[in-house]
Amino acid sequence: MMKIKKAVIPAAGYGTRFLPATKSQPKEMLPIVDKPTIQYIVEEAVKAGIEEVLIITNHQKQAIENHFDRSLELEYFLEKNNKLEELEMVRDISKLINIHSIRQKEAKGLGNAILCAKCFVGDEPFAILLGDDIIVNDEKPVLAQLCDTFEKYQSSVVAVQQVEAKDISKYGIVNPRYINNKDVEVIDLVEKPNVENAPSDLAILGRYILTPEIFNILETQAPGHNGEVQLTDAIKTLLLKEKVYAHKFEGKYYDVGKKIGFLEANIDFALKRDDLREEFMQMLMKKVEDYKFDK
Ligand code: UTP
């Protein structure tokens, strides 16, 4: 039985939807409450049993590499000032997992970013977690759910969830053949279809397990939507060679690469925190009241 040991986190996009915040810092480092987005994602990979992570970066993304490295100066300062809880928190991040990074030379699309992982992955199936998608499931992380599905079918698996009609044109959409109420065989895929042409409302949301055959396809893949090399197009070609499955995952999905998703994640995560809940809720309720009154 093949176990998924390697994960790739693409994080080399420009994050144009989050300018000016992303002018000189990676969007993957924007915090949800007080933790950078990419740390939630690496923690999900660790919980799913991943052993090595490769982050696809670019020259402006050193903050990501530094975040997962030790910071001896900071550790010294915290120790000297007897801030032991913070010291442990900072040290734990650098011990999470082995993190590698490679630079994508030009932001030519998600498909091109994944191709940069070819040498790291080698000849085994691997996971992809998008650097700006947080999915919460406290019992079983979505990547662990996908690993179970991979074990069942021994084929590539993408994570899907139903989305509202107005959102269909934002995602890769699956044409499904249902196996049971959670798993489907993917018959076809369309990147960002109009709602009228969409084969279903099942959207691919930020998590994948793919066989290494994808690299052979990406090497010759022409740019698609937006002039970018699209991963969805490569998976569509993969379908001609191998079976691909989709798993309807359990979990709350946040696209924190767009403003409204980022704001929602901050609210939900703050409301879950024992140290913030009460005060934050009072504040929110007061704001809503004042807002209504102002109108
Ligand atoms: P997005 O399309 O959400 O990222 O790609 P983006 O291009 O940075 O965002 P906008 O649309 O300009 O706001 C999904 C993931 O793929 C990475 C991104 O960093 C993000 O985590 N990506 C995208 C790359 O690594 N390289 C690329 O060329 C494009």
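The values are calculated or read from the model by the stated rules, or taken from the named source; none is laboratory data. What you see is a predicted model, and the numbers here were worked out from it, not measured in a lab. Every residue, glycine as well, gets a Cβ built from its backbone with ideal geometry; the counts of neighbours run over all protein chains shown.
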Right, residue 7: small (Gly, Ala, Ser), at pLDDT below 95 and within 14 Å of the ligand (Cβ to nearest atom) or not? no
Can you say whether residue 22 is without any contact (Cβ under 8 Å) to a residue 12 or more places away in the chain, surrounded by 19 or more Cβ atoms within 10 Å (Cβ to Cβ), of a type in the set (Ser, Thr, Tyr) and within 9 Å of the ligand (Cβ to nearest atom), as far as the supplied structure shows? yes
For the stretch 153-167, what are the residues that are acidic (Asp, Glu) and under 16 Å from residue 248 (Cα atoms)? 164
Filter the stretch 168-188 down to the residues that are modelled with pLDDT of 95 or more and in a strand (DSSP E or B) and list them by number. 173, 174, 175, 176, 177, 178, 183, 184, 185, 186, 187, 188
Tell me, yes or no, whether the stretch 269-286 has at least one residue that is part of a loop (DSSP other than H, G, I, E, B) and either touching a Ser or Thr at 6+ places or on another chain (Cβ under 9 Å) or closer than 18 Å to residue 173 by Cβ (or both). no
Can you name the residue in the stretch 101-133 that is away from the ligand (no atom under 14 Å from the Cβ) and among the aliphatic types (A, V, I, L, M) and is also farthest from residue 209 (Cα to Cα) among such residues? 121
Being among the polar types (S, T, N, Q), surrounded by 14 or more Cβ atoms within 10 Å (Cβ to Cβ) and under 14 Å from the mean Cα position of the chain (by Cα) is true for just one of 58, 137. Which residue is that? 137
If I ask for residues that are under 13 Å from the mean Cα position of the chain (by Cα) and closer than 30 Å to residue 155 by Cα, which ones from the stretch 1-40 would you list? 7, 8, 9, 10, 11, 12, 13, 28, 37, 38, 39, 40
Does the stretch 243-285 hold any residues that are within 16 Å of the ligand (Cβ to nearest atom), small (Gly, Ala, Ser) and either within 30 Å of residue 179 (Cα to Cα) or in contact (Cβ under 8 Å) with a residue 24 or more places away in the chain (or both), and which are they? 257, 265
Conditions (1) under 21 Å from residue 262 (Cα atoms); (2) modelled with pLDDT under 95; number of the one not met by residue 31: (2)
Taking the stretch 207-238 and keeping residues surrounded by fewer than 16 Cβ atoms within 10 Å (Cβ to Cβ) and either aliphatic (A, V, I, L, M) or not in a helix (DSSP H, G or I) (or both) leaves 212, 222, 223
Would you mind finding the one in 82, 98 that is exposed (fewer than 15 other Cβ atoms within 10 Å of the Cβ), away from the ligand (no atom under 16 Å from the Cβ) and within 20 Å of the chain's Cα centre (by Cα)? 98
A careful count of residues in the stretch 43-55 that are surrounded by 24 or more Cβ atoms within 10 Å (Cβ to Cβ) and either within 13 Å of the ligand (Cβ to nearest atom) or of a type in the set (Lys, Arg) (or both) gives 1
Is it the case, given these coordinates, that residue 74 is buried (at least 18 other Cβ atoms within 10 Å of the Cβ), over 24 Å from residue 142 (Cα atoms) and more than 14 Å from the ligand (Cβ to nearest atom)? no
Report, by residue number, each residue of the stretch 205-239 that is farther than 27 Å from residue 254 by Cα, within 16 Å of the ligand (Cβ to nearest atom) and either free of Cβ contacts under 8 Å to residues at least 12 places away in the same chain or touching a strand residue (DSSP E or B) at 6+ places or on another chain (Cβ under 7 Å) (or both). 222
Applying the selection to the stretch 43-64, what residues are closer than 11 Å to residue 128 by Cα and either in contact with an Asp or Glu (Cβ under 8 Å, 6 or more places away or on another chain) or without any contact (Cβ under 8 Å) to a residue 60 or more places away in the chain (or both)? 53, 55
